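The values are calculated or read from the model by the stated rules, or taken from the named source; none is laboratory data. Every value quoted in this text rests on a predicted model; they were computed, and no experiment measured them. Using ideal geometry, Cβ is built from the backbone for each residue, glycine included, and neighbour counts are taken over all protein chains shown.
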Amino acid sequence: MTQSKKRTVLLGIGVVVLVAAGLLGASPNVRSEVASLRACFTLARSGFRNVAEEPKDRFHGKVQEFTARCRAAPEIDAHRQTPWVDWSSYWGTAGDDSRSNFRFLGRLSRQQRGIDGALLDLEYQRIELLKFNLFDNHTFPEYVQGRDAVPGRSLKVWPAMRLPAEHPAFADVGGDGAQLCTGELIRARTLTGICNDIRNPLMGSANTLFARNVAFDETFPHLSENELVRNRHGDRIGLHSPDPQVISRALFTRQQSDPSRCNEGQGGPADASCDYVKAPFFNVIAAYWIQFMTHDWFSHMEEGQNAQEMMPVGCATRREGGMQRPLTEAEISALGCRPGDRIDQAILADSEPAPTFRQNGETHLSRAPRTTRNTNTAWWDASQLYGYSEPSARRVKRDPADPAKLHMVQLPGRTGEGDSQGYLPLLADGDPMHPAWSGQEAVAFPDNWSIGLSFLHNVFAREHNLIVDEFRRRAAADSDADSGLRDPASPEAVIRNRDVTPEQLYQIARLVVAAEIAKIHTIEWTTQLLYDEVLYLGMNANWFGLFREDNRVSRALERVTIDRLGRSFREADQTLWYSVFASGSGIFGLGSRRYQDDGGLLTFRNSGEDIWDVSNPDHVNGGVNHFGSPFNFPEEFVTVYRLHPLVPDLLEFRDAAEPNAVQRAVPVISTFRARATPAMHEGGLANWALTLGRQRLGALTLQNHPLFLQNLPMPRLASETGTLDVAALDILRDRERGVPRFNEFRRQYGLRTLTSFDDFIDQRLPEDDPERIRQQEFVTAMREVYGQHTCDDSKTITAVQELNDKLVTDCLGHPDGTMVDNVEDIDVVVGWLAESTRPHGFAISETQFTVFILNASRRLFSDRFFTSSFRPEFYSHLGVEWVNNNGPEGRVMESGRPNGHEEEMLPMKRVLLRTVPQLADELAGVVNAFDPWARDRGEYYSLQWKPRPGAESDPAFRNEGR
Ligand code: HEM
């Protein structure tokens, strides 16, 4: 009997024994398992749920009763009544107590049923997100109408993604004819991001339009351009209403037990202290990491500048009796806001009315009513380090002694181990520079410079140089060896180690650094941001595939994905099945191997010989899938990255010689812009690493914004106050860029919505729990700011969701004419910060997470250098090895079994060990570089704030609360 047959028989016996035990009146545990297995049987008989045909039939992350009972304890029934996704209540998806002590039946055990069920739910969400949430401002009519008998969702090339005639590379890519990037344009990542997709040269390049994830009709709700929007919001919302600074002060301000010691985050007193709500399982490096990432992915500003016209930032009105009325002096003073704050308006690309087109008798907008440009490259190409435009590239300094390297300078007095790797030089006269950046380190993306950005830029500049060093070391040892690199113009010619030019080596190092950053983000940062088993497995599957090792099954899945589904013109193949199969094989490296077709697509009988060929455009580009819509980030993605509460007001500075002691409190404001650079030089990379590594970041919740950001000096703004409330600006910018308000935002993403502010309260908490009482206070504050109105049940407010079998109305399920909360008006940032019902270990809310499911996957799916062009021909042999093994020394395993897994030492930890070697002792006890370094990780996904052995004297563990 084969192994699998044996297993099936054993399982069968197990089930029979359980059922018999249940019938014979065994323990309640056994009886409940019998009931649960019966539910599983019903689930198995009912088969897979269909992917929705219409948005109103979407999955919503809510399952049938029998599915819930198969995957979770009966207590899930209460949770199923809430708007929040069901999987967070499945067995095994939270901490140790979510693991049932009933651990029989192997793959069919409760634990596995819970986790596999959650992964399946997430895959359904991703499929429907790919199907319903792509709205590209350049190409939408083709997406709806298709072209030349090819359905829109199967299109792979778009006229709008051609280089225009005035582009310097126009002739090189084919001019007026069919455009195809070749030769030098495809060998590495280009400065402005052109030619990543070799058939769509413009895609993802700097200054293309941000996309949308929501229907164009639902963007810019304050313009009230259609009936649904008018029904939804009445005349209650506008660019400045509800008032952004009132929202900031009432809902975002961090509460202080001793305000004088915090001094609005500005520091001053010797015993300075600012309270903030801390996330126990995520450190301050993680906060700055995500700022570092956003500077790679997107920006709305041009060289640190918005549009010329200025606008107020609020502190003018409040809502009372259904109306906006001016604030009194007393109210202004009680709130602490500033009517004199001004900010420059957002830059718009298109603001004239959007053209329309007709399809199947319906009129559609061909783009959003207003559009904006992403002035950065949308690719995950480390452009914050290497540049995305001519001026930004001029700021990046090469080593005069070796132009393959980045210039790093020695600092007098910094002689610690690792300091010989140097620090970034400063911006010099003649460098393109906004005056606000003067005195900072010279980097491509210098805006809103901070100590954390200084840290990460220095670390990855060092990493770049270490890659160059290692290549040179190997080249010196064997200069005739094949580097792996090829020139697509003469693919047959072997490029030996000694033939590789400094420029080529620089570009190799850039490719490697970018891929390393993507890997760190996917399998290390995100698995700590979403700290549970489901997301550990899900994120690792995104990168490596479900089978991790390169084996025949994963190769067969890759082959089906690329050869069959990727080329199919059936819409379901291109979206549904492509996404499912890619989870099996992993997205990273998809299409980077090709095999002779032996006719045995599903028989795993491929010859094993890889025939991938750099001169074949279908091989170079064949691993990408844009799902019918060219890749760029949507505005909705920017919104969910407005993560300012992550930043504390004060940093607890430490010295690597004495890691358990906090030396002093350093206000973040004194490490901002040009002040970051001397702070870095005085403190040194190792001490700052320890400082940021040990401290917890701020939790993403209401009333937890840094006070210094509400009072940020902005000398560049010629306003009365010269100061800005950045938290208020977060609200205002979203409105300027037309992000729908929270409830419709969730509907558009296929999530259930709220019918009152009370839905924000986590029903799982006991009534007298202090956290629940805090949430109740938030609800009261929201009601005060956003108000209530008498509802009209005849007004339909959305086209994409039903409630009680009819499209949702103004009454949100409450009786006609009753007073309802203005829950439809909540700004998205307020909404996701108020979400307290989250899956275990989620530092972000489920709404933000849903936006990531779609866009984080697409960021990999669309990038040739992460899929079919992850090849030695571009990366070199060393480069491929470095990315796969997290460095040059081969695979290194982590000790122990963190959370029950055999684990490779994670890539950020390896980067830190190389670039800041003084940290070796400290990092020995660290598994994930983004988990507070002195925390005991305990058993299965513990969130406890407890010192690990050796860190007991660290004062951070003394004040447990805030
Ligand atoms: C020292 C810390 C930080 C400071 C001083 C700071 C400051 C600012 C300011 C002034 C803006 C407004 C730009 C404008 O629209 O005119 C902004 C935007 C933004 N910040 Fe921060 N920030 C900090 C940290 C972070 C962190 C940790 C994140 C996490 C992701 C973040 C994410 C964003 C995003 C997404 C925007 C919008 C960017 C855009 O519109 O393209 N910031 N920040």
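Numerical summary
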{"item": "Residue pairs meeting the criteria (Cβ under 6 Å; at least 6 apart or on separate chains; first over 23 Å from M714 (Cα atoms), in the stretch 323-344; second of a type in the set (S, T, Y) and more than 16 Å from the ligand (Cβ to nearest atom))", "result": "Q324/S241; Q324/T317; P326/T317"}
{"item": "Selection from the stretch 792-811 of residues that are within 19 Å of R58 (Cα to Cα) and surrounded by 15 or more Cβ atoms within 10 Å (Cβ to Cβ)", "result": "T796, I797, T798, A799, V800, Q801, L803, V808, T809"}
{"item": "Residue selected from the stretch 598-624 under the condition modelled with pLDDT of 50 or more and among the small types (G, A, S), by the criterion nearest to F866 (Cα to Cα)", "result": "G623"}
{"item": "Count - residues of the stretch 891-945 that are surrounded by 14 or more Cβ atoms within 10 Å (Cβ to Cβ) and at positive phi", "result": "3"}
{"item": "Helices (runs of 4 or more DSSP H) wholly inside the stretch 428-542 containing at least 1 residues that are among the acidic types (D, E)", "result": "451-477, 502-520"}
{"item": "The stretch 239-258 residues that are more than 18 Å from V739 (Cα to Cα), paired with ones that are assigned to a loop (DSSP other than H, G, I, E, B) and aromatic (F, W, Y) (beta carbon under 7 Å, 6 or more apart)", "result": "R254/Y276"}
{"item": "The stretch 659-686 residues that are in contact (Cβ under 8 Å) with a residue 60 or more places away in the chain and under 10 Å from F455 (Cα atoms), paired with ones that are surrounded by fewer than 19 Cβ atoms within 10 Å (Cβ to Cβ) and among the hydrophobic types (A, V, I, L, M, F, W, C) (beta carbon under 8 Å, 6 or more apart)", "result": "T677/L426"}
{"item": "G787 within 30 Å of R342 (Cα to Cα) and either within 16 Å of the ligand (Cβ to nearest atom) or at pLDDT below 95 (or both)", "result": "no"}
{"item": "Wholly within the stretch 629-730, helices (runs of 4 or more DSSP H) carrying at least 2 residues that are away from the ligand (no atom under 14 Å from the Cβ) and under 27 Å from D419 (Cβ atoms)", "result": "676-683, 685-694"}
{"item": "Search result, residues across the stretch 184-236 that are hydrophobic (A, V, I, L, M, F, W, C) and not in a loop (DSSP other than H, G, I, E, B)", "result": "L185, I186, L209, A211, F216, L223, L228, V229"}
{"item": "Filter pass, H434 being at pLDDT below 95, within 16 Å of the ligand (Cβ to nearest atom) and under 30 Å from the mean Cα position of the chain (by Cα)", "result": "yes"}
{"item": "Residue that is surrounded by the most Cβ atoms within 10 Å (Cβ to Cβ), among those in the stretch 457-482 that are among the hydrophobic types (A, V, I, L, M, F, W, C) and touching a residue at least 40 places away in the same chain (Cβ under 8 Å)", "result": "I467"}
{"item": "Residue match in the stretch 222-242 (condition: touching a helix residue (DSSP H, G or I) at 6+ places or on another chain (Cβ under 8 Å), surrounded by fewer than 22 Cβ atoms within 10 Å (Cβ to Cβ) and of a type in the set (S, T, N, Q))", "result": "yes"}
{"item": "The stretch 731-748, residues that are part of a helix (DSSP H, G or I) and more than 11 Å from the ligand (Cβ to nearest atom)", "result": "I731, R735, F742, N743, E744, F745, R746, R747, Q748"}
{"item": "Residue list for the stretch 330-355, restricted to those being of a type in the set (S, T, Y) and under 32 Å from the mean Cα position of the chain (by Cα)", "result": "S351"}
{"item": "Sole residue being at pLDDT below 95 and closer than 30 Å to R914 by Cβ, chosen from G413, G387, G422", "result": "G413"}
{"item": "Hey, L385 in contact (Cβ under 8 Å) with a residue 12 or more places away in the chain, surrounded by 15 or more Cβ atoms within 10 Å (Cβ to Cβ) and more than 28 Å from W437 (Cα to Cα) or not", "result": "no"}
{"item": "Residues of the stretch 880-908 satisfying the condition of being in contact (Cβ under 8 Å) with a residue 40 or more places away in the chain, outside any loop (DSSP other than H, G, I, E, B) and of a type outside the set (F, W, Y)", "result": "V880, V883, N899, G900, P907, M908"}
{"item": "Test: residue in the stretch 288-310 that is aliphatic (A, V, I, L, M) and free of Cβ contacts under 8 Å to residues at least 60 places away in the same chain", "result": "yes"}
{"item": "Residue under evaluation I773, criteria (1) under 29 Å from the mean Cα position of the chain (by Cα); (2) part of a helix (DSSP H, G or I), criterion not met", "result": "(1)"}
{"item": "Scope the stretch 442-496; condition among the aliphatic types (A, V, I, L, M) and within 16 Å of the ligand (Cβ to nearest atom); matching residues", "result": "V443, A444, I451, L453, L456"}
{"item": "Yes/no for V640 being out of contact with any strand residue (DSSP E or B) (no Cβ under 6 Å at 6 or more places or on another chain), under 20 Å from A582 (Cβ atoms) and modelled with pLDDT of 95 or more", "result": "no"}
{"item": "Selected residue (only one of R864, R859 is farther than 30 Å from G698 by Cβ, surrounded by 21 or more Cβ atoms within 10 Å (Cβ to Cβ), modelled with pLDDT of 95 or more and among the basic types (K, R))", "result": "R864"}
{"item": "Candidates L120, L130, filtered to the one that is among the hydrophobic types (A, V, I, L, M, F, W, C), at pLDDT below 95, surrounded by fewer than 19 Cβ atoms within 10 Å (Cβ to Cβ) and outside any loop (DSSP other than H, G, I, E, B)", "result": "L120"}
{"item": "Residues within the stretch 611-625 that are buried (at least 24 other Cβ atoms within 10 Å of the Cβ) and part of a loop (DSSP other than H, G, I, E, B), tallied", "result": "3"}
{"item": "Enumeration of residues in the stretch 722-770 that are at pLDDT below 95 and under 30 Å from I669 (Cβ atoms)", "result": "G722"}
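One line per residue, one yes/no per condition, for (1) at pLDDT 90 or above; (2) loosely packed, with under 14 Cβ neighbours inside 10 Å:
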position	(1), (2)
M1	no, yes
R7	no, no
A20	no, yes
V34	no, no
T42	yes, no
K56	yes, no
T67	yes, no
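Yes/no matrix, rows are residues, columns are (1) buried (at least 17 other Cβ atoms within 10 Å of the Cβ); (2) within 30 Å of I247 (Cα to Cα); (3) of a type in the set (S, T, Y):
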residue: I826; (1), (2), (3): yes, yes, no
residue: A834; (1), (2), (3): yes, yes, no
residue: H840; (1), (2), (3): yes, yes, no
residue: F870; (1), (2), (3): yes, no, no
residue: G879; (1), (2), (3): yes, no, no
residue: N886; (1), (2), (3): yes, no, no
residue: E889; (1), (2), (3): no, no, no
